[in-house]
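Okay, structure first, notes after.
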Amino acid sequence: MAAWMLYRCVFGPRLQRIHRPPQEQPRPEGRLVRRGWNYQPRSLEKHTDSILGWASAIWSLSYYSSPLLLCYLYRKGYICSSKLVPVSQYLGTVLVCLLGVACLRGWGRWKNSDYVQFLSVLEETKKNHTPENKKKLRCYDFDFSHWPSDFSWAEVSSPKQSKGGVSLLKPEPRLRGTADGFLNSVRTLPCHVIGFLITHTFGRRMLYPGSVGLLQKAMRSVLQQGQAKLIEEYDGQRNKLVACDGNEIDTMFVDRRKEGGPNSQTLVICCEGNAGFYEVGCMNTPLEGGYSVLGWNHPGFGGSTGVPFPQNEANAMDVVIQFAVHKLGFQLGDIVIYAWSIGGFTASWAVMSYPEIQSVVLDASFDDLLPLALKVMPESWRPLVQHTVRQYMNLNNAEQLLKYQGPVLLVRRTRDEIITTTGPEDIMSNRGNDLLLKLLQFRYPKIMTDDGIRVVRQWLGAPGPFEEASVYSAYEVDDDWCTSVLQSYQADRDVSFPWSVGKLSRMARAASLHGEVANTNGRRPTVR
């Protein structure tokens, strides 16, 4: 028995924090603060864990620099049998030493009563996954790979789910003859190979820097503090979801329904940006508004496994929605999707695939990835960039959003440096403008004619509130009249978009309708 416990301590997860409170004290606003504390390893465990941590960091650096390192070794003549044999012997010795260090760390854990108690709770939860055991396990913050699964896509039967992944919108293929198609495939084969290599090496990491292990190691303390705040102050519940592709998705759920607030029955699902995590991301905005909130990390971010390719992203979003409906008990009509930046892809996919969702909020998002990719790559690479984006990273937010019939709120950042194609000083190059224009053109084609587009662009290009007011006054915009016309049209016909409402003589007034763009000058808005 003792040998088995020592074995489990050697190969057990790293314990980081204990959330279990010694007492609960009410805050002035009435919310309970659950005070936790960082796990305090003893001297032997602390030093051996530090050694293994440095070894992990060196391995990560070696992994990311391996192409350059291999080129250097090849030029120096070290890649040959006479050189590799001694190197392999050295590496074998290092691995044996690291195994010994791991055994010493396990011995130190075995002598720590807090770790032994945690390990007992973890083993008992894996054997008997009851709500009582899961409540005890939530008191600990440890390596998420050892966390037992809370929900799987296989638990619900839905035609949307399969092992091949959920459906995505694909670019329409060009119609070609058989011979011409074969010759074209041969001719473009190098482009396919180069695009594949670019996407699976530096391309994906440039697009989703939060998936880089070194960045996550650098942010570890910040992420731990953010997670502790969600659990200890908001009574957050951490859960592991298994998507249809096998990826494990790290989620955090804050339930406000028992508080009985005006917004507590609405669930806000948050989709983070390309370097965002639910621990320190946009969850705080709906939490301050009193909403129930469900945050999740992209595949490859935080405790989530996999890599953030579009298919994996959509698979993760699908299991998150299924979890909210089938496990948490929310109706689709009670769910709001709130996305930040690149999270607009999964948000627009969600409302396209689940049109019953109440509404969607896209904050600092864009219409299409391709113009932004062309901005940062050389002009001579344009054909290659076009092929690579469309084939492997087709984040077509606008195309997906047009499939949704419900309310949409767009938030534009007037000083955004990421989604502008020229610079933050050129407000018209913000791709949020294109997202709005495409949505308006689809929903109100009779209003958004050439003249209507020109008027809306003039309003979007206004550098400040005073200039916006000048555009309004110049065209005699009447918001109440525009709203009444649309409400009357909807009541009389009850048809889906696109609508045929609008007359050229009233174009200027109606063109401002649904221009739900909030210029926040860098402030994160509250979900409405």
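The values are calculated or read from the model by the stated rules, or taken from the named source; none is laboratory data. Remember, predicted model here, so these are calculated numbers, not experimental data. Using ideal geometry, Cβ is built from the backbone for each residue, glycine included, and neighbour counts are taken over all protein chains shown. Calculation scope for accessible area: heavy atoms of the full protein, side chains included, ligands and nucleic acids excluded. Shrake-Rupley method; radii C 1.70, N 1.55, O 1.52, S 1.80 Å.
Within the stretch 355-368, being touching a Phe, Trp or Tyr at 6+ places or on another chain (Cβ under 9 Å) and either open to solvent by less than 20 Å² (accessible area, probe 1.4 Å) or within 19 Å of Val254 (Cβ to Cβ) (or both) holds for Ile357, Val360, Val361, Leu362, Asp363, Ala364, Ser365. In this structure, does Val376 turn out to be within 30 Å of Leu189 (Cα to Cα), out of contact with any Ser or Thr (no Cβ under 6 Å at 6 or more places or on another chain), of a type in the set (Val, Ile, Thr) and open to solvent by 20 Å² or more (accessible area, probe 1.4 Å)? When the stated conditions are applied, Val376 passes them. Has the stretch 38-46 got at least one residue that is farther than 23 Å from Ile18 by Cβ and among the hydroxyl-bearing types (Ser, Thr, Tyr)? Scanning the stretch 38-46, I find no residue that is farther than 23 Å from Ile18 by Cβ and among the hydroxyl-bearing types (Ser, Thr, Tyr), so the answer is no.
Residues in the stretch 106-121 that are touching a Lys or Arg at 6+ places or on another chain (Cβ under 9 Å) and closer than 13 Å to Arg14 by Cβ: Gly106, Gly108, Arg109, Asn112, Tyr115, Leu119.
Among residues of the stretch 69-86 that are at negative phi, those with a Cβ under 8 angstrom from a residue that is surrounded by fewer than 11 Cβ atoms within 10 Å (Cβ to Cβ), sequence gap 6+ or separate chain, pair up as Leu69/Ser62; Lys83/Gly77. In the stretch 373-384 there is no residue matching the filter, namely being within 23 Å of Thr285 (Cα to Cα) and either assigned to a helix (DSSP H, G or I) or outside the structural domain of Val268 (by the TED database) (or both). Listed by position, the helices (runs of 4 or more DSSP H) inside the stretch 415-480 whose residues that are buried (at least 20 other Cβ atoms within 10 Å of the Cβ) and in contact with an Asp or Glu (Cβ under 8 Å, 6 or more places away or on another chain) number at least 3 are 431-443. Applying the condition of being among the small types (Gly, Ala, Ser) and assigned to a loop (DSSP other than H, G, I, E, B) to the stretch 279-308 and asking which residue is nearest to Cys244 (Cα to Cα) yields Gly306. Taking every residue in the stretch 435-449 that is closer than 16 Å to Ser348 by Cβ and pairing it with any residue that is part of a helix (DSSP H, G or I) and among the polar types (S, T, N, Q), at least 6 positions away or on another chain, the pairs with Cβ-Cβ distances below 8 Å are Leu435/Asn397. Selection of the stretch 391-414 for residues being surrounded by fewer than 16 Cβ atoms within 10 Å (Cβ to Cβ) and more than 22 Å from Val361 (Cα to Cα) yields only Gln391. Name the single residue that is most open to solvent (accessible area, probe 1.4 Å) among those in the stretch 109-140 being within 12 Å of Ile18 (Cβ to Cβ) and touching a Gly at 6+ places or on another chain (Cβ under 9 Å). Checking each candidate, the answer is Arg138.
If the condition is being under 13 Å from Leu328 (Cα atoms), polar (S, T, N, Q) and open to solvent by 10 Å² or more (accessible area, probe 1.4 Å), then the stretch 251-271 contributes Gln265, Thr266. Open to solvent by 50 Å² or more (accessible area, probe 1.4 Å) and either closer than 27 Å to Trp59 by Cα or in contact with a strand residue (DSSP E or B) (Cβ under 6 Å, 6 or more places away or on another chain) (or both): is that true of Asp143 in this structure? Judged against the criteria, Asp143 is a match.
Assessment of the stretch 89-104 against the conditions (in contact with a His (Cβ under 9 Å, 6 or more places away or on another chain), open to solvent by 30 Å² or more (accessible area, probe 1.4 Å) and either in contact (Cβ under 8 Å) with a residue 12 or more places away in the chain or charged (D, E, K, R) (or both)) yields at least one matching residue.
Scanning the stretch 282-302 for residues that are open to solvent by 10 Å² or more (accessible area, probe 1.4 Å) and closer than 15 Å to Arg238 by Cβ returns a single hit, Gly302.
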